[in-house]
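K.L.:
Let me give you the structure first, and then I'll get to my questions.
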Amino acid sequence: MKYFLPAVIASFALVGAGCFTQPAPAPAPTPTPTPAPAPKATTDERIHVTAPVANQRVMSPLTVTGEARGSWYFEASFPVKLLDGNGNVLVQTHADAQGDWMTNEFVPFKAVLTFSKPLTRTGTLVLEKDNPSDLPQNAASVTIPVQF
């Protein structure tokens, strides 16, 4: 009996001590990395081409994507052409707005170019601001070098 009472007191002391312990701190959350912005083939303030990027190897069919200010379009499209290394036109088509183009904001676009493989190893993608007036002050274009 003389060992029983100290054992009971020790048990209560251990159980009581457990009631006052603090829970283990939660592990620190793992920071979510910020995704890098998509590379752009152009630096023009009116049009951003996201694909293809400069000097990218391209093949047919070539999908061209990006965003342009509404003023770059006319009737929701603008001209796009692909030239070979000698300046010959491989294909000429148009890019289509993928949203409401009647704005000053950026509007996504897409064009698909189908062409035969050229004899030259390099070429140029040309995206032209649609210019129904044909006035030189309204003309603009961006060029992106490509490889075949």
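The values are calculated or read from the model by the stated rules, or taken from the named source; none is laboratory data. Computed from a predicted structure; not experimentally measured. Methodologically, a virtual Cβ is constructed for each residue, glycine included, from the backbone with ideal geometry; neighbour enumeration extends over all protein chains shown.
K.L.:
So is VAL80 crowded, with 17+ Cβ neighbours inside 10 Å and closer than 12 Å to VAL126 by Cα or not? Give the derivation first.
P.N.:
Numbers: crowded, with 17+ Cβ neighbours inside 10 Å: yes; closer than 12 Å to VAL126 by Cα: yes.
Spelling it out, VAL80 is indeed crowded, with 17+ Cβ neighbours inside 10 Å and closer than 12 Å to VAL126 by Cα.
K.L.:
So, one more: Determine whether THR30 is part of a loop (DSSP other than H, G, I, E, B), under 20 Å from the mean Cα position of the chain (by Cα), at pLDDT below 95 and over 14 Å from GLN147 (Cα atoms). Write out each step before concluding.
P.N.:
Numbers: part of a loop (DSSP other than H, G, I, E, B): yes; under 20 Å from the mean Cα position of the chain (by Cα): no; at pLDDT below 95: yes; over 14 Å from GLN147 (Cα atoms): yes.
It is false that THR30 is part of a loop (DSSP other than H, G, I, E, B), under 20 Å from the mean Cα position of the chain (by Cα), at pLDDT below 95 and over 14 Å from GLN147 (Cα atoms).
K.L.:
Just the residues that are within 18 Å of HIS94 (Cα to Cα) and aromatic (Phe, Trp, Tyr), please, taken from region 129-148.
P.N.:
Correct list: empty.
K.L.:
Pick from THR103, THR120, THR124, THR114: which is in contact with a helix residue (DSSP H, G or I) (Cβ under 8 Å, 6 or more places away or on another chain) and surrounded by fewer than 16 Cβ atoms within 10 Å (Cβ to Cβ)?
P.N.:
Working: THR120 fails: in contact with a helix residue (DSSP H, G or I) (Cβ under 8 Å, 6 or more places away or on another chain); THR124 fails: in contact with a helix residue (DSSP H, G or I) (Cβ under 8 Å, 6 or more places away or on another chain); THR114 fails: in contact with a helix residue (DSSP H, G or I) (Cβ under 8 Å, 6 or more places away or on another chain).
THR103 is the lone residue from the list that is in contact with a helix residue (DSSP H, G or I) (Cβ under 8 Å, 6 or more places away or on another chain) and surrounded by fewer than 16 Cβ atoms within 10 Å (Cβ to Cβ).
K.L.:
For region 48-82, give me the residue count where each residue is farther than 18 Å from ASP130 by Cα and in contact with a Gly (Cβ under 6 Å, 6 or more places away or on another chain). Show your work before the answer.
P.N.:
Step one: of region 48-82, the residues farther than 18 Å from ASP130 by Cα are 50-63.
From what's left, in contact with a Gly (Cβ under 6 Å, 6 or more places away or on another chain): 50.
The number of residues fulfilling the criteria is 1.
K.L.:
Being over 22 Å from the mean Cα position of the chain (by Cα), part of a loop (DSSP other than H, G, I, E, B) and either at pLDDT 95 or above or of a type outside the set (A, V, I, L, M) (or both) is the requirement here; does SER116 meet it? Explain how you work it out, then say what you get.
P.N.:
Numbers: over 22 Å from the mean Cα position of the chain (by Cα): yes; part of a loop (DSSP other than H, G, I, E, B): yes; either at pLDDT 95 or above or of a type outside the set (A, V, I, L, M) (or both): yes.
Here the answer is yes, as SER116 does meet what is asked.
K.L.:
Checking the conditions here, which among VAL80, VAL49, VAL64, VAL53 is assigned to a loop (DSSP other than H, G, I, E, B), modelled with pLDDT of 95 or more and either touching an Asp or Glu at 6+ places or on another chain (Cβ under 8 Å) or aliphatic (A, V, I, L, M) (or both)? Quick ask: steps written out before the conclusion?
P.N.:
Values: VAL80 fails: assigned to a loop (DSSP other than H, G, I, E, B); VAL49 fails: assigned to a loop (DSSP other than H, G, I, E, B); VAL64 fails: assigned to a loop (DSSP other than H, G, I, E, B).
Answer to the selection: VAL53.
K.L.:
Still on this model: Within region 98-112, identify whether any single residue is among the hydrophobic types (A, V, I, L, M, F, W, C), assigned to a loop (DSSP other than H, G, I, E, B) and over 13 Å from SER77 (Cα atoms), and answer yes or no. Let's see the steps before the verdict.
P.N.:
Looking only at region 98-112, we keep the residues that are among the hydrophobic types (A, V, I, L, M, F, W, C), and these are 101-102, 106-107, 109, 111-112.
Those left that are additionally assigned to a loop (DSSP other than H, G, I, E, B): 101-102.
Among the residues that remain, those that are also over 13 Å from SER77 (Cα atoms) are: none.
Checking region 98-112: not a single residue is among the hydrophobic types (A, V, I, L, M, F, W, C), assigned to a loop (DSSP other than H, G, I, E, B) and over 13 Å from SER77 (Cα atoms).
K.L.:
Among the candidates ALA139, ALA68, single out the residue that is aliphatic (A, V, I, L, M), closer than 17 Å to GLU45 by Cα and surrounded by 14 or more Cβ atoms within 10 Å (Cβ to Cβ).
P.N.:
Details: ALA139 fails: surrounded by 14 or more Cβ atoms within 10 Å (Cβ to Cβ).
One residue alone meets the criteria, ALA68.
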